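As structure tokens, the structure follows; a few thoughts come after it.
The values are calculated or read from the model by the stated rules, or taken from the named source; none is laboratory data. Bear in mind that the values here come from a model prediction, so they are computed numbers and not experimental data. Cβ: placed from backbone, ideal geometry, glycine included. Neighbour counts: every protein chain shown. What goes into the accessible areas is simple: the full protein's heavy atoms, side chains included, and nothing from ligands, DNA or RNA. Shrake-Rupley method; radii C 1.70, N 1.55, O 1.52, S 1.80 Å.
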Amino acid sequence: MLKSRELATFRRQLLAWFHQYQRDLPWRRTKDPCRVWLSEIMLQQTRVAAVIPYYERFLERFPDIHALAAAPQEEVLRLWSGLGYYSRARNLHHAAQEIVAKHGGIFPRVEKDALELPGIGSYTAAAILSIAYGAKHAVLDGNVARVLARIFAVRGDLRDTKRWQSLQESANGLLDPKSPGDWNQAVMELGATLCTPQSPQCLLCPVAQFCQARKLGLADSLPARRKKRATENFVLAAAILLDPRGRALLLPPPVLPKGKAAHERVSVLVSKLWHFPTITVRADPAAELQAHLNQVLPRSFTKQPLRLEPLPSARHAVTHHAITLQPFRVTVTQLSRVPGAKTIPLSDVISPSSLAISSLTRKAARAALASPAALSARA
């Protein structure tokens, strides 16, 4: 750790840099704990530029926690559509209901109470409580860990349990008790903008003089790269059933029995949202999708053989899944009623609508809309 005088200089220089150069982000203009909480949840594994429009639209619809708690989950998911990692939205909604029911609509100030809320872990609790309430909790996330690993020349896998605990102790020791919220944001900002994973901008760093990795010539090699989880490759086939008016059939969020591994995989990959009939493919996309449609659609659809027209395939990634999506357009004379399903204009699938739809489903819709037949149907 830094000596007393060094620590004071370190804190002063980093905070001065942050106050002068911090990015102007909408959630930094408020100390409202619920807005800070929303931003922290949205920013998990998501780029700042992608979050800003979602954050602003979300607050237009849900200006306070009571509005969020009272909303149907379907509407929450609809406004989250496209941001990914939909369990965040579900947890956010459940937590809002708990805050209203148990805490009078006020985000709890006590760390233990915050940690009991769905979707709140130690990092998120520390960030919210320090920024909104000035609580003396030091954050530790990927950006902060990288900064600390370079400052103190920490070798090895940072996510090793003992090493992570040591990093948390270092973060605790550096925390400025007079400005914990600004301090946490300053360290995160440094990691996000200058002390980046590749090509750190050491010449612009306000605390470069304290960096052991820079002194040892290790700034580019620390922290050690983590072993990535092996990517699982999947092929999905999706059927876009279209009537002459350009309307498409969407199935509801799947509720699946236990033990159905392949179906559960599809459920995860469509984010448990509204979707086209979709399957995982073993060998023959068209034949397997045809068999699936014969099983799930009413006889009125399948009494005549369905013609599956292949559309351009698309790539999609969900965490450690690499997906090849093979969409098929299926033109029908009319969309018979399917229990629980909905029919909407195909163009509405890729634009804000009343339904929560995943990015994967939108990619399939775009492939269909880009083809001449779909264009003529819309006309």
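Between Val296 and Phe234, what FRET efficiency follows from the Cβ-Cβ distance if R0 is 22 Å, with the result rounded to 0.05? List each step's numbers first, then the result.
Numbers: r = 20 Å, r/R0 = 0.89.
With R0 = 22 Å, the Cβ-Cβ based efficiency is 0.65.
Using Cα atoms only, what is the angle between the long axis of helix 48-61 and the major principal axis of the chain, expressed in degrees (0 to 90) to the nearest 10?
Approximately 70 degrees, to the nearest ten.
Give the residue from Leu203, Leu241, Val318 lying farthest towards the positive end of the charge dipole for segment 189-318; charges sit on Cβ (+1 for Lys and Arg, -1 for Asp and Glu) and the dipole is referred to the Cα centre.
Val318
Using θ = phi - 60° and the Karplus curve 6.51 cos²θ - 1.76 cosθ + 1.60, what whole-Hz ³J(HN,Hα) does each residue of segment 330-335 get, with Gly and Pro shown as x?
10, 8, 10, 6, 7, 8
Using 1/(1 + (r/R0)^6) with R0 = 51 angstrom and r between the beta carbons of Arg362 and Ala8, what's the FRET efficiency to the nearest 0.05?
Values: r = 52 Å, r/R0 = 1.02.
Efficiency for this residue pair is about 0.50.
I need the phi-derived Karplus couplings for segment 224-238: 6.51 cos²θ - 1.76 cosθ + 1.60, θ = phi - 60°, integer Hz, Gly and Pro marked x.
These are the phi-based 3J(HN,Hα) values: 4, 5, 6, 6, 7, 5, 4, 6, 9, 9, 9, 10, 10, 10, 10 Hz.
Under a Cβ-only charge scheme (Lys and Arg +1, Asp and Glu -1), can you give me the dipole magnitude of the chain about the Cα centre, in debye to the nearest 20? Please list the in-between numbers first.
Numbers: 51 positive and 28 negative charges, 129 e Å.
The calculation lands at about 620 debye.
Under a point-charge model restricted to the Cβ atoms of Lys and Arg (+1) and Asp and Glu (-1), what is the dipole moment magnitude of segment 24-161 relative to its Cα centre, in debye to the nearest 20?
360
In whole Hz, with x marking every Gly and Pro, tabulate ³J(HN,Hα) for segment 66-77 from phi via Karplus 6.51 cos²θ - 1.76 cosθ + 1.60, θ = phi - 60°.
5, 5, 5, 5, 7, 6, x, 4, 4, 6, 4, 5
Report the charge-dipole magnitude of segment 124-182 in Debye, nearest 20, computed about the Cα centre from +1 at each Lys and Arg Cβ and -1 at each Asp and Glu Cβ.
160
Which value, in Å², gives the accessible area per residue of the chain when a 1.4 Å probe is used on the protein heavy atoms? Spell out each step's value before the answer.
Values: 19180 Å² over 379 residues.
Per residue, the chain has 51 Å² of solvent-accessible surface.
Using modelled backbone amide H atoms (1.01 Å from N, in-plane), which distant-in-sequence or interchain residues come within less than 5 Å of Ile240's amide H?
Long-range HN contacts for Ile240: Phe328, Arg329, Val330.
Find how many whole Å separate the alpha carbon centroid of segment 55-85 from the alpha carbon centroid of segment 158-186.
First find each Cα centre; the distance between them is then 31 Å.
Would you calculate the separation in nanometres between label points at Ser122 and Lys178, each defined as 7 Å from the Cα along the Cα-to-beta-carbon direction?
2.9
Over the chain, calculate the relative contact order: mean separation of alpha carbon pairs under 8 Å at least 6 apart, over the residue count, as a percent.
Numbers: 553 pairs, mean separation 62.0, N = 379.
Contact order relative to length: 16 percent.
Could you tell me what percent of the accessible area of the chain is made up of carbon and sulfur, with a 1.4 Å probe and every protein chain present?
Working: 9870 of 19180 Å².
Percent of accessible area from carbon and sulfur atoms in the chain: 51.
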